[in-house]
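To keep things clear, I will list the structure first and then write my remarks on it.
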Amino acid sequence: MTDLQLKHHRLTTTLGDIAVAETGEGPVLVMLHGGGPGASGVSNYHQNLTALARHFRLVLPDQPGFGGSYRPTADDLSERSITEITVDALYQALDRLGIDTFHLLGNSLGGAAAISMAQTRPERVTGLVLMAPGGGWLPFGPTPTEGQKEMFRYYNGGGPTEKKMASFIRTMVFDHKQFGEDVVRARYEASLNESHIAFYHAYNAAFAERNGMDPLWRDLHRITAPTLLLWGRDDRTITLDGAQLMLKQIRDVQLHVFGQCGHWVQLERQREFEELVTGFLAVAR
């Protein structure tokens, strides 16, 4: 997936083991992936690593439930939200790596975790990049959104298929022709892990029981890190209209909107994404 040498860790936390990959040198940039079926740290950002590793020590955790990390149970998800679980586990993992302060980037579900990490331990986050993040967003339109519905459907109604994965990807992006059968097949195959499927059913049930993501928008004022919002104008999962609250409540914030772009900015607008992240974090304190 990438020509870079990746160092892999399996870090023990009180919740379970967290898998982390890292590469590059420089200021630490923790990159949190989204929550789609089959997602993981490296798969979410593999195409961006070569450019970003020239400037940063990239740390790519698999969040609880995904990739090589442990799977929260239904009881875990009943007791605490996936965002609360993730923040707890990731701070423990970063402590194990001896990482105190860091830049933080998150997409979608990972964006919710990034918001919560920046709210709960603001002194540790030096720069924050959020790509259509969950939890900090209040849409004007109906929910669940089209993209959220596709995520819920994927493991239900007969289980995963390549056709359903192709439909999921079409909803995530503006122009699905950028992503051929090889991309669909790879993501589909990554979604077939039985423990991940079991987690996803528990996660979807907990999501419905909690009426969606944690209301992180209530505490956006607690974010002190300079913050860059990146959003696809045509995002059908975490829609742009919900960004207004974040622009109003985060102290030091700016927004860049990409036309003809959906939910996967780092893929659909790869070069601009890499340049914006590098330039913004170079001056973040």
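The values are calculated or read from the model by the stated rules, or taken from the named source; none is laboratory data. Please read these numbers as outputs of a predicted model, since none were measured by experiment. Cβ atoms come from the backbone with ideal geometry, glycine included; neighbour counts cover every protein chain shown.
Summary of computed values
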read-out: Whichever residue in the range 270-285 is of a type in the set (D, E, K, R) and farther than 16 Å from residue 225 by Cα and, among such residues, is surrounded by the fewest Cβ atoms within 10 Å (Cβ to Cβ); value: 271
read-out: Members of the range 68-82 that are hydroxyl-bearing (Ser, Thr, Tyr) and part of a helix (DSSP H, G or I); value: 78
read-out: Leading residue by the ranking (farthest from residue 279 (Cα to Cα)) among those in the range 22-38 that are of a type outside the set (Asp, Glu), over 15 Å from the mean Cα position of the chain (by Cα) and surrounded by 16 or more Cβ atoms within 10 Å (Cβ to Cβ); value: 23
read-out: Test result for residue 214, under 18 Å from the mean Cα position of the chain (by Cα) and closer than 21 Å to residue 111 by Cβ; value: yes
read-out: Set 72, 61: member being in contact with a Pro (Cβ under 8 Å, 6 or more places away or on another chain) and surrounded by 22 or more Cβ atoms within 10 Å (Cβ to Cβ); value: 72
read-out: Residue pairs meeting the criteria (Cβ under 9 Å; at least 6 apart or on separate chains; first farther than 19 Å from residue 109 by Cα, in the range 226-252; second aromatic (Phe, Trp, Tyr) and modelled with pLDDT of 95 or more); value: 226/280; 249/217
read-out: The range 173-224, subset part of a loop (DSSP other than H, G, I, E, B) and of a type in the set (S, T, N, Q), residue surrounded by the fewest Cβ atoms within 10 Å (Cβ to Cβ); value: 211
read-out: Among residues of the range 20-70, those that are out of contact with any strand residue (DSSP E or B) (no Cβ under 6 Å at 6 or more places or on another chain) and within 17 Å of residue 85 (Cα to Cα), counted; value: 7
read-out: Test: residue in the range 151-158 that is under 17 Å from residue 236 (Cβ atoms) and either surrounded by fewer than 20 Cβ atoms within 10 Å (Cβ to Cβ) or of a type in the set (Asp, Glu) (or both); value: yes
read-out: Tabulated pairs, the range 140-160, first over 23 Å from residue 198 (Cα atoms), second loosely packed, with under 15 Cβ neighbours inside 10 Å, C-beta under 6 angstrom, 6+ apart or interchain; value: 140/241
read-out: Condition check for residue 41: crowded, with 24+ Cβ neighbours inside 10 Å, within 21 Å of residue 264 (Cβ to Cβ) and modelled with pLDDT under 95; value: no
read-out: Options 169, 85, 99: the member that is assigned to a helix (DSSP H, G or I), farther than 26 Å from residue 244 by Cβ and touching a residue at least 40 places away in the same chain (Cβ under 8 Å); value: 85
read-out: Within the range 118-134, tally of residues that are under 30 Å from residue 184 (Cβ atoms) and surrounded by fewer than 24 Cβ atoms within 10 Å (Cβ to Cβ); value: 0
read-out: Some residue of the range 57-67 being small (Gly, Ala, Ser) and assigned to a helix (DSSP H, G or I); value: no
read-out: Among residues of the range 8-56, those that are under 21 Å from residue 92 (Cα atoms) and either assigned to a strand (DSSP E or B) or without any contact (Cβ under 8 Å) to a residue 40 or more places away in the chain (or both), counted; value: 18
read-out: Total residues in the range 1-34, condition within 24 Å of residue 168 (Cα to Cα) and modelled with pLDDT of 95 or more; value: 4
read-out: Selection from the range 225-253 of residues that are buried (at least 22 other Cβ atoms within 10 Å of the Cβ) and polar (S, T, N, Q); value: 227, 237, 239
